[in-house]
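Written out below as structure tokens is the structure these notes cover.
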Amino acid sequence: MKTAWQSFEQEALDSLRALIRLDTSNPPGNERLATDFLAARLAESRVDPVIVESAPDRANLVARIHGKDSTLKPLMISSHTDVVPVEHEGWKYPPFSAEIAERCVWGRGALDMKAKGAMDLGVFSAIVRAQAIPNRGLILAAVADEEAGSEMGAKFMVERHPELVRAGYVLNEVGGFTMFFGERKFYPIQVAEKGFVTVRMTTRGTPGHSSVPRLDSAIAQMAELICKLNRAPMRRRVTPLMRQLFERIGVSPEIETPIFRAMLSNTVVPTIVR
């Protein structure tokens, strides 16, 4: 059966815009809005997905196509349906309007990562409608809570419902993310991801007073430590894989861009102050 990819392109665009219009800002999440939409679209292709809630309205969706060879571990295509909160005044176009302007789709989640969710839905639906049977099974997963730690999403599914998401390979975020160098475009393949260590810092000192300021207040000490942390130099290390990347794209490992700087060393950053 020949697949009409042009119609799927429009369908994926329509799905992306519909997903952006669903406010799944985390907190509070409310990812059920997105999973219900995805489930309805999958139902049009006669797919009956599994929806699992980790808490009221914090929903995760999994759908599956069985492969020819059950001994091969499935491939999972995965996305998350929550987005980071929005400060409306900073947007050129309303963040949940999904307007098409300046050759782009505008909205919270257009990149991170409802576009991937719409693409996954399109690919999965195309395979089902073509009645194609892949060599290995295919799993579509759309999970909650990635932006706030994954406790309600990926972590919940792995710990509580591993049978639904057990796979040999996963295609997730960052794939197809365009990098521009001059007139050239590159599409990187992510092969690893940073781990993290969280350190809580508490400072104690003499209470401050507005009329008789003190230099040793807890807030002053904390402010100095935060600035020191933010300026902390970290040792650079160009791994063989990163060196190969720089050679392929024709740039120097000494290039000072935020994204490359973060790939060439450990990073330290203060993230929460209470």
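Observations
- Every pair of residues 6+ apart whose Cβ atoms lie under 7 Å, when the first sits in the range 151-172 and is closer than 22 Å to ASN26 by Cβ and at pLDDT 95 or above while the second is in a loop (DSSP other than H, G, I, E, B) and open to solvent by less than 100 Å² (accessible area, probe 1.4 Å): GLU151/ASP145; MET152/GLY29; MET152/ALA144; MET152/ASP145; GLY153/ALA144; GLY153/ASP145
- Residue count for the range 1-26 under the criterion of being part of a loop (DSSP other than H, G, I, E, B), closer than 28 Å to ALA101 by Cα and not charged (D, E, K, R): the result is 4.
- Cross-chain or 6+ apart pairs with Cβ under 6 Å, the range 30-42 first and in contact (Cβ under 8 Å) with a residue 24 or more places away in the chain and on the phi > 0 side of the Ramachandran plot, then surrounded by fewer than 20 Cβ atoms within 10 Å (Cβ to Cβ) and of a type outside the set (Val, Ile, Thr): ASN30/ASP57
- Residue list for the range 81-95, restricted to those being in contact (Cβ under 8 Å) with a residue 40 or more places away in the chain and open to solvent by 40 Å² or more (accessible area, probe 1.4 Å): VAL84, PRO85
- Qualifying residue in the range 211-222 (condition: assigned to a loop (DSSP other than H, G, I, E, B), free of Cβ contacts under 8 Å to residues at least 60 places away in the same chain, open to solvent by 100 Å² or more (accessible area, probe 1.4 Å) and not hydrophobic (A, V, I, L, M, F, W, C)): yes
- The number of residues in the range 106-133 being in contact with a Leu (Cβ under 8 Å, 6 or more places away or on another chain), surrounded by fewer than 20 Cβ atoms within 10 Å (Cβ to Cβ) and not in a helix (DSSP H, G or I) comes to 1.
- Look at (1) open to solvent by 60 Å² or more (accessible area, probe 1.4 Å); (2) of a type outside the set (Asp, Glu); (3) assigned to a strand (DSSP E or B); (4) in contact with a helix residue (DSSP H, G or I) (Cβ under 9 Å, 6 or more places away or on another chain) and you find that VAL170 fails only one, number (4).
- Breaking point among (1) among the aromatic types (Phe, Trp, Tyr); (2) within 22 Å of GLU53 (Cα to Cα); (3) open to solvent by 60 Å² or more (accessible area, probe 1.4 Å), for PHE196: (2)
- Within the range 37-53, the set of residues being open to solvent by 40 Å² or more (accessible area, probe 1.4 Å), assigned to a strand (DSSP E or B) and aliphatic (A, V, I, L, M) comprises VAL50, ILE51.
- Criterion applied to THR178, THR203 was being surrounded by fewer than 11 Cβ atoms within 10 Å (Cβ to Cβ) and among the β-branched types (Val, Ile, Thr), and the one residue passing it is THR178.
- Among the residues of the range 236-261, those identified as open to solvent by less than 80 Å² (accessible area, probe 1.4 Å) and either farther than 19 Å from PHE186 by Cα or in contact (Cβ under 8 Å) with a residue 40 or more places away in the chain (or both) are VAL238, THR239, LEU245, ILE249, GLY250, VAL251.
- Test: ALA144 is aliphatic (A, V, I, L, M) and out of contact with any Pro (no Cβ under 7 Å at 6 or more places or on another chain): yes
The values are calculated or read from the model by the stated rules, or taken from the named source; none is laboratory data. The structure displayed is predicted, hence computed values, not measured ones. Cβ: placed from backbone, ideal geometry, glycine included. Neighbour counts: every protein chain shown. For accessibility, only protein heavy atoms count, side chains too; no ligands or nucleic acids. Shrake-Rupley method; radii C 1.70, N 1.55, O 1.52, S 1.80 Å.
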